Amino acid sequence: MRIYLPSTFAGLAAVLDAGEISGPPLTAYAVTERLAGPDTAGDDEELEYEALSGAAEASLRQLRDDPYPPRRRAVLAAEAPD
């Protein structure tokens, strides 16, 4: 399963420095049964796009909460076991 994590450029720098993603409980976006619903069989690409879009919107909220980072949003994609 692919998960998407909202971030900022400052967040990406922290990940590179630490060599891992850590911190307080993280919000991640992924294609879940709830997002997919019963009528979306076989439309995984569109559902992945929805999860990615959710993470991109969340990264904008992170920028709003920190007035000093470069004004660029970022989304990390990671593979996780189902």
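The values are calculated or read from the model by the stated rules, or taken from the named source; none is laboratory data. Predicted model only: the values in this text are computed from it and were never measured. Positions of Cβ are backbone-derived with ideal geometry, glycine not excepted, and every protein chain shown enters the neighbour counts.
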### Message
Out of the residues in region 1-48 meeting the condition of being at pLDDT below 85 and β-branched (Val, Ile, Thr), tell me which one is surrounded by the most Cβ atoms within 10 Å (Cβ to Cβ).
### Response
Val31
### Query
Would you pick out the residues in region 50-71 that are at pLDDT 90 or above and of a type in the set (Phe, Trp, Tyr)?
none
